[in-house]
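Please read the structure below before turning to the comments.
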Amino acid sequence: MIMDHAVDKKKRDTELVFMEKRKKIITATAATITALTLVTVHNDEIMADNVVQTTEKSVSTGNDQESSSSSSNMVSNSSETSENKNGQETVSQRQQSETSSQSSSSSAKEEQQSKTVAAATDSKAEQSVSSKQQVTEVTANYTNNKNLADKTLTEKTVKVNDDYNTQADQQEQDNDQEQNEAQAKLAQAQTQAQNSAKEEIKAAVPIAQTDDPAKAYQTGHVVNADGDLPTHLIQPQITNAAAPTYYDFYGYNGENDTSDKINGTLTHDQQYELADYALTLLNNWRTANGMDQIHYNQNVEEATLELINLRNEENKDFEHITFNNQETAIFSKYDLSLVGENLGVSISQETTLLQLKVETLNAITAMIWQDKAHYNGHLLNFENAEYMGFGVQANKNMTYPYQLVFEMAELSGSKNTQAPDVQLTSEAFIEGKRAAAITAFVEADEGVRIAKANILNIKNESQHASILLQSQRQAELNQINTLHETALGALYLNYQNELSTLQDLKSMHSEPRKLVQVEALRKEKQQLIRKNGSSNKMVTSRLKISGSDEKSDSSSHETALLPTRKQKSQKRSNYSLPQLGEEKDAPASLAGIILFSVAALFGFKTFSKKKR
């Protein structure tokens, strides 16, 4: 009995020790499962955080609650197993119940999440339509504002141009009025100057017959330029027409003489120019007195010049020809008959073409109005001449260095035809010179110069005012355009800002899409957990926990096989777990720990049966 009592006591001690160890194993197993579940959920929360932060907290909290519930159920199952003789069947029933409960809870949550996602999707669709409508409204508003700015620019531009045209028209009217007034003042000044010029610049007139030669050099009688030459003969005041000699009726000063200088023989052109002036005076005189004009052509002029050369050959000084055969033959070869000759003189050796014209003018005037001493023979030749030539006999060895020779002729036969008359040009030449002198006089007049300067100033001021007005218009247009460009830039910037704001709001409203992604992750995680839970019944894994004190690589630890999505997830599930007694930590999987716990329960049951 004592032996039996000792044996029973030993058995009870053994059972107490075994039960204590079993209790420690169950407690450690529950704690390990809870820790692994929390770690797994925490790793999944980190992955979900990359999608959206706002939703991970709720998901993580839900998962933590599910994990805590699962852990509590497993601990409860373990406790019940210790009291239930049929531990294996109770654990299986508990697992099935837990799986069913989790499945039901998951389905309810999935349904709730689906409703949430559907509502979010509908809200997103509505927000998408609203966003497009807002973009359309913002764009339309921008377009309207831009069109309004363009319209304002056009209106302001038109106004500036209208104002410019009005001011330009007014300025033009004012300028025209000022110009007209200035032109009237100029015309008045020019008229006054021309009247003065006509008094100053006009053909010289002969002095009255006098014995004082100096009187011919008084103002109005003296010739200083071609413009002072008369083209019409004027009868001087004659007191003694029978005086055998005469003094000059016209004086020569030559202050403004620009004609050819002569000192000896004259050129052919100079002879023709002098003859042109002599015939101009005589024909104007004959026309004024009702007589026909004298014919002057190249034949009679050439015959006269040849006869002058013959006079020099015959040493004819201041004396008439004798009308010998040699002298008359010169005219005969031109079908002309020599019928008369008048002679005048010029005293100065060094002379000019203008001075010879003045000497010719004096000779013709005296021959017509002071010729009674010569029985008016010179006058009669001028009155009766049909053809006439004129030339200057230059001979410095004679009494007078220059003799003025007038040769009169007539046709030699009734059927004779002569060359056409030479067109006389002296009158036009002299009148042109006189007009030029008058113009120069008028231009030099002080009143005229002031009036012209006034017109020029008005013109310059008008141009300056016009340029200034144009510059002002351009400045206003530039300012308007600058403001317009600035306004358009501000409108465009505001438009872009509004679009950016709408885009930000659109991004904020796109959270339901992210929620869908998070929900998909959560479902995938739950499926994985359920798959792992159900595989405990089908997968036979061996859990080997190393009890060696040797250090080795984590890859050398043999772990239970667990289906995972990624190698990264498997690595996250491997952690050092608390073990029994003094043994070191060893990495183990969740499935392995569960299998180990089940195996421990079955082992305890077998052991109890054997002991009983």
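Annotations for the structure displayed:
- Nonlocal amide H pairs with residue 352, under 5 Å, H built at 1.01 Å: 262
- Sorting the segments 458-465, 275-282, 388-395 by their mean number of nearby beta carbons within 10 angstrom, highest to lowest, gives 388-395, 275-282, 458-465.
- For 483, 502, the ranking by accessible surface with the largest value first comes to 483, 502, using a 1.4 Å probe.
- Of 316/433; 198/357; 333/433; 132/156, those spanning more than 32 Å from alpha-carbon to alpha-carbon: 316/433; 333/433; 132/156
- Rounded to whole Hz, the Karplus (6.51, -1.76, 1.60) HN-Hα couplings of region 227-236, x for glycine and proline: x, 8, 6, x, 9, 10, 6, 10, 6, x
- C-alpha center-to-center spacing [region 415-436, region 250-292] in angstrom: 11 Å
- As a fraction of the 1.4 Å probe accessible area of region 228-344, surface on carbon and sulfur atoms comes out at 42 percent.
- Label-point separation in nm, residue 332 to residue 292, each point 7 Å along Cα→Cβ: 2.5 nm
- Taking 285, 369 and ordering them by how much accessible surface each has at a 1.4 Å probe, largest first, produces 369, 285.
- Accessible heavy-atom area order of 341, 498, highest first, probe of 1.4 Å: 498, 341
- Rounded to the nearest Hz, the phi-derived 3J(HN,Hα) couplings of region 285-297 under the Karplus curve 6.51 cos²θ - 1.76 cosθ + 1.60 (θ = phi - 60°) are 5, 5, 5, 5, 9, x, 10, 5, 6, 6, 6, 9, 9, where x marks glycine and proline.
- Length added when fully stretched, residue 167-residue 191, from 0.36 nm per residue minus Cα-Cα: 5.1 nm
- Å² per residue, accessible surface of region 376-524 at 1.4 Å: 58 Å²
- Segment residue 456-residue 183, extension gain: residue separation times 0.36 nm, minus the distance between their alpha carbons: 97.2 nm
- From phi via Karplus (6.51, -1.76, 1.60), per-residue ³J(HN,Hα) for region 135-148 in Hz, x at Gly/Pro: 4, 4, 5, 5, 5, 4, 5, 4, 4, 4, 5, 5, 4, 5
- Nonlocal amide H pairs with residue 370, under 5 Å, H built at 1.01 Å: none
- The relative contact order of region 248-393, computed from alpha carbon pairs under 8 Å that lie at least 6 residues apart in sequence, is 43 percent.
- Once the Cα-Cα distance is subtracted from the 0.36 nm per residue extended length, the residue 212 to residue 531 segment shows a gain of 98.8 nm.
- Under 5 Å, built H, 5+ apart or other chain: amide partners of residue 210: 247
- Judged by the gyration tensor of its Cα atoms, with axes a ≥ b ≥ c, region 364-421 is oblate; a/c meets the 1.5 cut and b/c is at least as large as a/b.
- For region 298-341, size of Cβ-based charge dipole, Lys and Arg +1, Asp and Glu -1, in debye: 80 debye
The values are calculated or read from the model by the stated rules, or taken from the named source; none is laboratory data. Nothing here was measured: the structure is a model prediction, and the numbers come from that model. Please note: Cβ atoms are built from the backbone with ideal geometry, for glycine as well, and neighbour counts cover all protein chains shown. The area values use the complete protein model at the heavy-atom level, side chains included, leaving out ligands, DNA and RNA. Shrake-Rupley method; radii C 1.70, N 1.55, O 1.52, S 1.80 Å.
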